[in-house]
Amino acid sequence: MFLNLHTHHLAHQTDVLELYNQFPSELNNKAKLFSIGIHPAYIKTSSIEEEIEVINQTISNKNCLAIGEIGLDKLCKTDFELQINIFEKQLEIATLHQLPVVIHSVRAYQEILQIRKQMKLTIPFIFHGFNKNEQLLNQIIAQNCFPSFGKNLLFNKNLQIIFANLSANQFFLENDASEISIEEIYNFAADLRKITIEELQLQQAENWKTVFGYEVQS
């Protein structure tokens with residue numbers, strides 16, 4: 001089974017299991033597994049309370065495995081203080097229900113890690129689309145957080161070196177909103193780590209079980 005940590009496109013394939021990214025304003029009932037959250041770029045002050053209520057109602061669904069993608073983005077137009085406020089509200093929900101969090105971060109890794117420390121959080125953070133350096137990666141892992149690798153892994157040589165040396169229990173794989181299939185990402189990742197596709201699939205299944213409490217049926 002190809003496990004896809006974060007995607008905006010449902011594959012509808014029997015050999016692909018994906019954590020589909022849901023927005024409170026537009027739920028898709030066809031997703032087998034999903035995360036739900038208010039993305040920092042799409043925060044609307046007029047509908048915040050309503051969307052928070054949708055999240056609170058939806059997370060009782062056993063197929064909701066995480067809150068996300070949520071986070072901070074210094075390049076989007078949303079006021080940064082407002083982003084922090086909505087991010088913290090959603091982290092409180094995740095903490096209450098002990099759900100992992102899929103993190104969106106654009107030039108805000110340090111702020112996110114600082115908020116994690118200030119709130120004394122222990123729930124796992126998964127930084128999706130990780131494309132940074134080894135120093136930051138070590139900071140993330142030291143705080144019980146995980147990187148998730150996607151299309152950038154195929155093109156970034158430094159990222160490939162970092163990824164090849166990671167422990168098997170420290171990462172996830174995804175295709176986000178790209179047209180690159182999760183199978184292609186798995187093939188490339190397995191080659192980098194010099195293991196078989198099957199070995200990588202088994203390792204990812206263990207990570208899903210550990211972080212999400214979800215046992216993949218073979």
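The values are calculated or read from the model by the stated rules, or taken from the named source; none is laboratory data. Model, not experiment: these values are computed from the prediction. Neighbour counts are summed over all protein chains in view; Cβ atoms, including those assigned to glycine, are modelled from backbone coordinates with ideal geometry. Accessible surface areas use protein heavy atoms only, side chains included; no ligands, DNA or RNA. Shrake-Rupley method; radii C 1.70, N 1.55, O 1.52, S 1.80 Å.
Check segment 102-110 and report whether any residue there is in contact (Cβ under 8 Å) with a residue 60 or more places away in the chain, within 28 Å of L33 (Cα to Cα), surrounded by 20 or more Cβ atoms within 10 Å (Cβ to Cβ) and β-branched (V, I, T). Break it down stepwise before answering.
Kept after step one, since they are in contact (Cβ under 8 Å) with a residue 60 or more places away in the chain, are these residues of segment 102-110: 102, 104.
Then drop every residue that is not within 28 Å of L33 (Cα to Cα), which leaves 102, 104.
Then keep just the ones that are surrounded by 20 or more Cβ atoms within 10 Å (Cβ to Cβ); that gives 102, 104.
Checking the rest, the ones that are also β-branched (V, I, T) come to 102.
Yes: one or more hits.
Sort through I48, I55 and tell me the only one that's hydrophobic (A, V, I, L, M, F, W, C) and touching a strand residue (DSSP E or B) at 6+ places or on another chain (Cβ under 6 Å). Write out each step before concluding.
Numbers: I48 fails: touching a strand residue (DSSP E or B) at 6+ places or on another chain (Cβ under 6 Å).
The unique qualifying residue is I55.
Among the residues of segment 142-183, count how many are of a type in the set (A, V, I, L, M), in a helix (DSSP H, G or I) and exposed (fewer than 15 other Cβ atoms within 10 Å of the Cβ). Before you say what the answer is, go through the steps one by one.
In the first step, residues of segment 142-183 are kept if they are of a type in the set (A, V, I, L, M); the result is 142, 153-154, 159, 161-162, 164, 166, 168, 173, 177, 180, 182.
Still in the list and also in a helix (DSSP H, G or I): 142, 153-154, 159, 161-162, 164, 168, 182.
Then drop every residue that is not exposed (fewer than 15 other Cβ atoms within 10 Å of the Cβ), which leaves 142, 161, 164, 168.
Total meeting the criteria: 4.
Could you say whether any residue in segment 28-35 is at pLDDT 95 or above, within 28 Å of S181 (Cα to Cα), surrounded by 14 or more Cβ atoms within 10 Å (Cβ to Cβ) and not hydroxyl-bearing (S, T, Y)? If you could, list the steps in order and put the result at the bottom.
From segment 28-35, those at pLDDT 95 or above are 33-35; that's our starting set.
Narrowing further to those that are within 28 Å of S181 (Cα to Cα): 33-35.
From the residues that got through so far, the ones that are surrounded by 14 or more Cβ atoms within 10 Å (Cβ to Cβ) too are 33-35.
Narrowing further to those that are not hydroxyl-bearing (S, T, Y): 33-34.
Scanning segment 28-35, I find at least one residue that is at pLDDT 95 or above, within 28 Å of S181 (Cα to Cα), surrounded by 14 or more Cβ atoms within 10 Å (Cβ to Cβ) and not hydroxyl-bearing (S, T, Y), so the answer is yes.
Assuming S167 fulfils every condition listed in (1) under 24 Å from N187 (Cβ atoms); (2) touching a Phe, Trp or Tyr at 6+ places or on another chain (Cβ under 9 Å); (3) of a type in the set (G, A, S) apart from one, which condition is it?
(2)
Just checking, how many residues over segment 194-218 are in a helix (DSSP H, G or I) and either among the acidic types (D, E) or open to solvent by less than 40 Å² (accessible area, probe 1.4 Å) (or both)?
The first filter runs over segment 194-218 and keeps only residues in a helix (DSSP H, G or I), leaving 197-212.
Cutting the leftovers down to either among the acidic types (D, E) or open to solvent by less than 40 Å² (accessible area, probe 1.4 Å) (or both) gives us 197-201, 204-208, 211-212.
Matching residues across segment 194-218 total 12.
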